[in-house]
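**Q** Dropping a structure here in structure tokens format, bear with me for questions.
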Amino acid sequence: MSLPSVLTLIADRKAGPLKPEAIDVARSLVKGKAPIVLSEGEAVDIPCPTPGPGAASAATIRATLAPYQVDTLLLKTRGRRKAVLVADMDSTVVTGETLDEMAAALGVGEQVAAITRASMNGEIDFETSIEQRVALLAGKSASVLEDVWKNVTLTDGAKELVQTMRKHNARTALVSGGFTWFTQRVAELCGFDENHGNILEIVDGKMTGKLGGPVLGPDAKLTHLEALTTERGVQLRAALTTGDGANDIPMLASAGLGLAFHAKPNVKKVIGTQINFSGLRAHLFAQGYRAADFVTD
């Protein structure tokens with residue numbers, strides 16, 4: 001009979017292999033059984049009892065293993081595999097911030113980046129921030145979109161995450177506070193079932209400095225999550241969400257598994273399930289998938 005909880009350890013493949021010492025420390029913290037290898041030198045599951053009074057907390061485990069550059073996720077064994085995936089785009093599925101990169105190419109990078117930081121850190125509300133940033137693009141050539149697109153890089157594991165979950169009948173959506181011009185292209189690259197974002201208004205080849213529809217912010221991200229789970233016929237606990245900024249907090253907090261992915265400090269304060277070292281493959285290991293199960297190109 002399987003134990004009710006599992007501690008998953010994931011190392012950043014680029015930084016080096018998962019050390020046996022880290023596994024031993026983790027086992028002692030949770031009174032765990034022998035590790036189950038999910039990916040040799042990269043990820044293991046450690047079956048363990050449900051933490052009781054006086055047991056090491058998830059935060060303590062994470063802090064203890066951090067010097068080994070290992071991500072730790074203490075989760076219930078039941079219901080690990082999720083039926084819905086909702087992912088943020090900028091600094092999550094792609095490595096950069098597309099709006100910031102557009103602004104830098106157009107000579108307003110510092111102003112836009114400052115507003116982005118304030119928004120992602122929760123210092124100003126997202127709707128205000130996106131309107132202020134887009135206003136700075138008024139009158140600029142829309143050809144910058146193609147220029148930025150040439151340099152967009154997917155985060156390690158993005159395609160594997162989306163395509164593996166789709167293979168196992170999950171519904172996948174890219175839901176971003178960025179622009180649909182980019183979400184459509186990123187979604188096609190990764191294989192997302194659908195994508196949602198803000199519409200950048202363009203007239204005669206120039207950006208007007210306005211959006212072409214309502215702002216897609218944190219409330220809208222949560223609404224999309226709720227709609228997707230309803231459509232899929234499952235409850236929110238059957239969903240996996242991932243993102244890095246303040247506008248992702250509502251969907252991260254509401255899903256059965258919300259992963260703060262290399263997130264801003266204010267996000268980490270409220271979301272305890274975190275990926276701080278490894279890539280998006282970690283989201284599959286968190287669900288108990290083995291690397292041999294991954295769909296790769």
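**Q** From Cα pairs below 8 angstrom and at least 6 apart in sequence, can you work out the relative contact order of the stretch 182-233, rounded to a whole percent?
**A** Details: 29 pairs, mean separation 11.4, N = 52.
Relative CO of the stretch 182-233 lands at 22 percent.
**Q** Quick check: residue separation of residue 2 and residue 50 times 0.36 nm, minus the Cα distance between them. What number comes out in nm?
**A** On the way: separation 48, 0.36 × 48 = 17.28 nm, distance 1.16 nm.
Working it through step by step, the gained length comes to 16.1 nm.
**Q** Another question about this same structure. A 32 angstrom limit on the alpha carbon distance is what I want to check against. Which of 140/269; 33/268; 82/206; 14/210; 19/268; 150/210 exceed it?
**A** Table pairs above 32 Å Cα-Cα are 140/269; 82/206; 14/210.
**Q** Give the angle, between 0 and 90 degrees and rounded to the nearest 10, that separates the Cα long axis of helix 218-232 from the longest principal axis of the Cα atoms of the chain.
**A** 60 degrees
**Q** Can you tell me the 0 to 90 degree angle between the C-alpha axis of helix 126-135 and the longest principal axis of the chain, rounded to 10?
**A** Once rounded, one gets 40 degrees.
**Q** Given contacts defined as C-alpha pairs under 8 Å and at least six residues apart, what's the relative contact order of the chain, whole-number percent?
**A** Relative contact order here is 22 percent.
**Q** As an exercise, use a Förster radius of 35 Å and the Cβ-Cβ distance of residue 81 and residue 206 to find the FRET efficiency, rounded to the nearest 0.05.
**A** On the way: r = 47 Å, r/R0 = 1.33.
In this case the efficiency is close to 0.15.
**Q** Given R₀ = 51 Å, FRET efficiency for residue 118-residue 168 by Cβ-Cβ distance, to 0.05?
**A** About 0.85, to the nearest 0.05.
**Q** Would you mind telling me the share, in percent, of accessible area of the chain contributed by carbon and sulfur at probe 1.4 angstrom? Mind showing how you got there, number by number?
**A** Working: 6680 of 13050 Å².
On the chain, the fraction of accessible area on carbon and sulfur atoms equals 51 percent.
**Q** With a point put 7 Å past each Cα toward its Cβ, work out how far residue 199 is from residue 14 in nm, to one decimal.
**A** 3.6 nm
**Q** Quick check for me: using +1 on Lys/Arg Cβ and -1 on Asp/Glu Cβ, what's the dipole size of the chain about its Cα centre, in debye to the nearest 20?
**A** 1200 debye
**Q** A follow-up question, please. Taking the highest mean first, how do the peptides 30-40, 49-59, 136-146 order by number of other beta carbon atoms within 10 angstrom per residue?
**A** For the peptides 30-40, 49-59, 136-146, the packing ranking is 30-40, 136-146, 49-59.
**Q** Let me ask something else. Pick the calculated Rg/Rh (Cα atoms, Kirkwood Rh) for this structure from [x] 1.00; [y] 0.93; [z] 1.13?
**A** The calculated read-out lines up with [x].
**Q** As I understand it, the value is the acute angle between the Cα axis of helix 109-120 and the longest principal axis of the Cα atoms of the chain; what does it come to in degrees, rounded to 10?
**A** Value to nearest ten degrees: 40.
**Q** Something else about it: Aspartates and glutamates within cross-link reach of residue 76: Cα-Cα under 17 Å, excluding same-chain residues under 8 positions apart?
**A** Within reach: 45.
**Q** May I ask you to compute the full-extension gain from residue 108 to residue 231, defined as 0.36 nm times their residue separation minus their alpha-carbon distance, rounded to one decimal in nm?
**A** Contour length minus Cα-Cα distance gives 40.2 nm.
The values are calculated or read from the model by the stated rules, or taken from the named source; none is laboratory data. All of these numbers come straight from a predicted model, not from anything done at the bench. Cβ atoms come from the backbone with ideal geometry, glycine included; neighbour counts cover every protein chain shown. Heavy atoms of the whole protein, side chains included, go into the accessibility calculation; ligands, DNA and RNA do not. Shrake-Rupley method; radii C 1.70, N 1.55, O 1.52, S 1.80 Å.
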